[in-house]
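> Structure incoming, see below.
The values are calculated or read from the model by the stated rules, or taken from the named source; none is laboratory data. Since this is a predicted model, take the numbers as computed values, not measurements. As a convention, Cβ positions derive from the backbone with ideal geometry for all residues, glycine included, and neighbour counts pool all protein chains shown. All accessible areas refer to the heavy atoms of the entire protein, side chains included, with ligands and DNA or RNA removed. Shrake-Rupley method; radii C 1.70, N 1.55, O 1.52, S 1.80 Å.
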Amino acid sequence: MTDDATITLLIVDDHPVVRDGLRGMFESAPGFTVLGEASNGVEAVTLAQSLDPDVVLMDLRMPGGNGVEAIAELTRQGARTRILVLTTYDTDSDTLPAIEAGATGYLLKDAPRDELFTAVRAAAEGRTVLSPAVASRLVSAVRTPAGEPLSTREREVLTLVAKGTSNREIARVLFISEATVKTHLTHLYAKLGVKDRAAAVAVGYDRGILG
(Lines give C-alpha, C1' and ligand atoms only; values in the text may rest on other atoms or scores of the structure.)
Protein backbone atom coordinates (compact mmCIF):
# COMPACT_ATOMS: atom_id res chain seq x y z
CA MET A 1 0.00 0.00 0.00
CA THR A 2 1.05 3.61 -0.41
CA ASP A 3 2.71 5.52 2.44
CA ASP A 4 -0.46 7.34 3.44
CA ALA A 5 -2.28 3.99 3.78
CA THR A 6 -4.47 4.75 0.76
CA ILE A 7 -5.40 1.51 -0.97
CA THR A 8 -5.02 1.64 -4.75
CA LEU A 9 -7.50 -0.24 -6.93
CA LEU A 10 -7.97 -1.59 -10.43
CA ILE A 11 -11.60 -2.34 -11.34
CA VAL A 12 -12.20 -5.15 -13.84
CA ASP A 13 -15.71 -5.70 -15.21
CA ASP A 14 -17.16 -5.93 -18.72
CA HIS A 15 -20.13 -3.68 -17.83
CA PRO A 16 -19.34 0.07 -17.94
CA VAL A 17 -22.21 0.85 -15.55
CA VAL A 18 -20.78 -1.52 -12.95
CA ARG A 19 -17.30 -0.04 -13.34
CA ASP A 20 -18.68 3.49 -13.00
CA GLY A 21 -20.66 2.53 -9.92
CA LEU A 22 -17.69 0.90 -8.22
CA ARG A 23 -15.38 3.80 -9.11
CA GLY A 24 -17.85 6.31 -7.69
CA MET A 25 -18.33 4.25 -4.55
CA PHE A 26 -14.62 3.94 -3.79
CA GLU A 27 -13.64 7.46 -4.81
CA SER A 28 -16.28 8.89 -2.48
CA ALA A 29 -14.86 6.93 0.46
CA PRO A 30 -11.67 7.91 2.29
CA GLY A 31 -8.66 5.65 1.98
CA PHE A 32 -9.17 4.41 -1.59
CA THR A 33 -7.81 5.51 -4.97
CA VAL A 34 -8.97 3.96 -8.24
CA LEU A 35 -6.00 3.80 -10.62
CA GLY A 36 -7.81 2.38 -13.63
CA GLU A 37 -10.46 0.15 -15.18
CA ALA A 38 -10.38 -2.87 -17.48
CA SER A 39 -13.20 -4.58 -19.37
CA ASN A 40 -11.69 -8.07 -19.61
CA GLY A 41 -8.99 -10.33 -18.22
CA VAL A 42 -6.38 -9.54 -20.86
CA GLU A 43 -6.66 -5.79 -20.20
CA ALA A 44 -6.60 -6.52 -16.47
CA VAL A 45 -3.23 -8.28 -16.66
CA THR A 46 -1.72 -5.47 -18.76
CA LEU A 47 -3.01 -2.71 -16.48
CA ALA A 48 -2.09 -4.56 -13.29
CA GLN A 49 1.46 -4.80 -14.60
CA SER A 50 1.70 -1.09 -15.42
CA LEU A 51 -0.35 0.41 -12.56
CA ASP A 52 0.71 -1.99 -9.78
CA PRO A 53 -2.49 -1.57 -7.70
CA ASP A 54 -2.79 -2.94 -4.17
CA VAL A 55 -6.04 -4.71 -5.03
CA VAL A 56 -7.74 -5.80 -8.26
CA LEU A 57 -11.54 -6.10 -8.10
CA MET A 58 -12.02 -8.89 -10.64
CA ASP A 59 -15.22 -10.02 -12.34
CA LEU A 60 -15.10 -13.59 -13.69
CA ARG A 61 -17.15 -14.08 -16.83
CA MET A 62 -16.09 -11.51 -19.40
CA PRO A 63 -15.85 -11.64 -23.21
CA GLY A 64 -12.30 -11.27 -24.46
CA GLY A 65 -10.57 -12.85 -21.48
CA ASN A 66 -12.11 -14.25 -18.32
CA GLY A 67 -11.17 -13.50 -14.75
CA VAL A 68 -9.80 -16.90 -13.75
CA GLU A 69 -7.26 -16.82 -16.59
CA ALA A 70 -6.20 -13.31 -15.54
CA ILE A 71 -5.87 -14.37 -11.89
CA ALA A 72 -3.75 -17.36 -12.89
CA GLU A 73 -1.51 -15.21 -15.09
CA LEU A 74 -0.94 -12.58 -12.40
CA THR A 75 -0.20 -15.33 -9.89
CA ARG A 76 2.24 -16.94 -12.32
CA GLN A 77 4.01 -13.61 -12.73
CA GLY A 78 4.36 -13.27 -8.98
CA ALA A 79 2.47 -9.96 -8.92
CA ARG A 80 2.20 -8.38 -5.47
CA THR A 81 -1.34 -7.26 -6.32
CA ARG A 82 -4.08 -8.95 -4.29
CA ILE A 83 -7.08 -10.10 -6.30
CA LEU A 84 -10.58 -9.88 -4.88
CA VAL A 85 -13.21 -11.54 -7.06
CA LEU A 86 -16.44 -9.56 -7.24
CA THR A 87 -19.05 -11.38 -9.28
CA THR A 88 -22.68 -12.49 -9.44
CA TYR A 89 -21.69 -16.17 -9.73
CA ASP A 90 -21.22 -18.47 -6.74
CA THR A 91 -21.32 -21.93 -8.35
CA ASP A 92 -18.55 -24.45 -7.69
CA SER A 93 -17.40 -24.13 -11.30
CA ASP A 94 -16.70 -20.43 -10.66
CA THR A 95 -15.52 -20.24 -7.05
CA LEU A 96 -13.10 -23.16 -6.90
CA PRO A 97 -11.07 -22.33 -10.05
CA ALA A 98 -10.80 -18.68 -8.96
CA ILE A 99 -9.51 -19.57 -5.49
CA GLU A 100 -7.19 -22.22 -6.89
CA ALA A 101 -5.85 -19.71 -9.44
CA GLY A 102 -4.75 -17.44 -6.61
CA ALA A 103 -7.60 -15.07 -5.70
CA THR A 104 -7.24 -13.60 -2.20
CA GLY A 105 -10.98 -13.36 -1.74
CA TYR A 106 -14.38 -13.91 -3.34
CA LEU A 107 -17.41 -11.68 -2.86
CA LEU A 108 -20.78 -11.48 -4.57
CA LYS A 109 -22.02 -8.25 -6.11
CA ASP A 110 -24.94 -8.08 -3.71
CA ALA A 111 -22.50 -7.51 -0.83
CA PRO A 112 -23.30 -4.35 1.20
CA ARG A 113 -21.10 -1.33 0.59
CA ASP A 114 -19.38 -1.48 4.01
CA GLU A 115 -18.72 -5.20 3.60
CA LEU A 116 -17.03 -4.50 0.26
CA PHE A 117 -14.85 -1.77 1.79
CA THR A 118 -13.85 -4.07 4.65
CA ALA A 119 -13.10 -6.89 2.20
CA VAL A 120 -10.84 -4.67 0.08
CA ARG A 121 -8.92 -3.53 3.16
CA ALA A 122 -8.51 -7.13 4.28
CA ALA A 123 -7.42 -8.24 0.81
CA ALA A 124 -4.84 -5.43 0.69
CA GLU A 125 -3.37 -6.88 3.89
CA GLY A 126 -3.29 -10.35 2.36
CA ARG A 127 -6.17 -11.73 4.40
CA THR A 128 -8.63 -14.12 2.79
CA VAL A 129 -12.18 -12.82 2.42
CA LEU A 130 -15.07 -15.05 1.40
CA SER A 131 -18.79 -14.38 1.22
CA PRO A 132 -20.76 -16.79 3.47
CA ALA A 133 -22.24 -18.61 0.45
CA VAL A 134 -18.81 -19.14 -1.07
CA ALA A 135 -17.26 -20.20 2.23
CA SER A 136 -19.88 -22.91 2.69
CA ARG A 137 -19.26 -24.16 -0.84
CA LEU A 138 -15.54 -24.39 -0.24
CA VAL A 139 -16.11 -26.33 2.98
CA SER A 140 -18.34 -28.76 1.06
CA ALA A 141 -15.71 -29.10 -1.64
CA VAL A 142 -13.06 -29.96 0.95
CA ARG A 143 -15.34 -32.61 2.42
CA THR A 144 -15.98 -33.98 -1.07
CA PRO A 145 -12.60 -33.39 -2.74
CA ALA A 146 -13.41 -34.72 -6.19
CA GLY A 147 -16.24 -32.29 -6.85
CA GLU A 148 -19.86 -31.45 -6.23
CA PRO A 149 -22.26 -33.67 -4.27
CA LEU A 150 -24.25 -36.16 -6.35
CA SER A 151 -27.77 -35.18 -7.32
CA THR A 152 -30.69 -37.32 -6.20
CA ARG A 153 -30.97 -38.93 -9.65
CA GLU A 154 -27.22 -39.59 -9.79
CA ARG A 155 -27.44 -41.34 -6.43
CA GLU A 156 -30.29 -43.46 -7.76
CA VAL A 157 -28.24 -44.44 -10.80
CA LEU A 158 -25.20 -45.25 -8.65
CA THR A 159 -27.30 -47.38 -6.31
CA LEU A 160 -28.59 -49.41 -9.25
CA VAL A 161 -25.07 -49.72 -10.69
CA ALA A 162 -23.93 -51.10 -7.33
CA LYS A 163 -26.56 -53.82 -7.70
CA GLY A 164 -25.10 -54.80 -11.06
CA THR A 165 -27.96 -53.31 -13.05
CA SER A 166 -27.31 -52.66 -16.76
CA ASN A 167 -27.84 -49.26 -18.37
CA ARG A 168 -30.88 -50.60 -20.22
CA GLU A 169 -32.42 -51.88 -16.99
CA ILE A 170 -31.60 -48.66 -15.13
CA ALA A 171 -33.39 -46.76 -17.89
CA ARG A 172 -36.44 -49.00 -17.50
CA VAL A 173 -36.51 -48.71 -13.70
CA LEU A 174 -36.12 -44.92 -13.65
CA PHE A 175 -38.31 -44.28 -16.72
CA ILE A 176 -35.53 -42.48 -18.59
CA SER A 177 -33.64 -43.18 -21.81
CA GLU A 178 -30.36 -45.10 -21.97
CA ALA A 179 -28.71 -41.94 -23.28
CA THR A 180 -29.82 -40.11 -20.14
CA VAL A 181 -28.43 -42.93 -17.98
CA LYS A 182 -25.07 -42.55 -19.73
CA THR A 183 -25.17 -38.80 -19.14
CA HIS A 184 -25.81 -39.32 -15.42
CA LEU A 185 -22.96 -41.83 -15.28
CA THR A 186 -20.59 -39.37 -16.97
CA HIS A 187 -21.51 -36.68 -14.44
CA LEU A 188 -21.20 -38.89 -11.38
CA TYR A 189 -17.86 -40.31 -12.61
CA ALA A 190 -16.54 -36.74 -12.83
CA LYS A 191 -17.85 -35.83 -9.40
CA LEU A 192 -16.37 -38.95 -7.82
CA GLY A 193 -13.10 -38.66 -9.71
CA VAL A 194 -13.37 -42.11 -11.30
CA LYS A 195 -13.46 -43.60 -14.80
CA ASP A 196 -15.63 -46.70 -14.57
CA ARG A 197 -18.57 -48.36 -12.83
CA ALA A 198 -16.50 -50.46 -10.44
CA ALA A 199 -14.49 -47.51 -9.20
CA ALA A 200 -17.66 -45.44 -8.83
CA VAL A 201 -19.22 -48.11 -6.63
CA ALA A 202 -16.05 -48.43 -4.55
CA VAL A 203 -15.85 -44.66 -3.97
CA GLY A 204 -19.58 -44.55 -3.32
CA TYR A 205 -19.21 -47.01 -0.44
CA ASP A 206 -16.03 -45.31 0.80
CA ARG A 207 -17.76 -41.94 1.07
CA GLY A 208 -20.95 -43.29 2.53
CA ILE A 209 -23.02 -42.40 -0.53
CA LEU A 210 -24.00 -46.04 -0.82
CA GLY A 211 -25.29 -47.90 2.22
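> How much area per residue is accessible in the chain when the probe is 1.4 Å and only protein heavy atoms are counted (Å²)?
51
> Name the lysines eligible as straight-distance cross-link partners of K191: C-alpha to C-alpha under 24 Å, and not fewer than 8 places from it in the same chain.
Cα-Cα hits under 24 Å: K163, K182.
> I'd like the FRET efficiency for Q49 and A179, computed as 1/(1 + (r/R0)^6) with the beta carbon distance as r and R0 of 45 Å, rounded to 0.05.
Using R0 = 45 Å, I get an efficiency of 0.40.
> On to the next question. Taking the Cα-to-Cβ direction at S166 and at R113 and moving 7 Å from each Cα, how far apart do the two end points lie in nm?
6.6
> Next up: With Cα extents along the principal axes in Å as the read-out, I listed [x] 68, 32, 30; [y] 73, 56, 30; [z] 47, 34, 31; which label goes with the value calculated from this structure?
[x]
> Per-residue HN-Hα couplings for the stretch 19-25, Karplus 6.51 cos²θ - 1.76 cosθ + 1.60 at θ = phi - 60°, whole Hz, x for Gly and Pro?
My calculation for the stretch 19-25 gives 4, 4, x, 5, 4, x, 4 Hz in order.
> Which value in deg cm²/dmol, rounded to the nearest 500, describes the helix-derived mean residue ellipticity at 222 nm for the chain, given -39,500 (n - 2.57) per DSSP H run of n ≥ 4 and division by the residue count?
Rounded to the nearest 500, the figure is -16000 deg cm²/dmol.
> If you don't mind, another one. Would you work out what percent of the accessible area of the chain, with all protein chains in place, is carbon or sulfur (probe 1.4 Å)?
Its accessible area is 54 percent carbon and sulfur atoms.
> Can you list residues whose amide H is under 5 Å from R61's amide H, if they're 5+ apart or on another chain and H is modeled 1.01 Å from N?
Those qualifying (amide H under 5 Å, at least 5 residues apart or on another chain) are G67.
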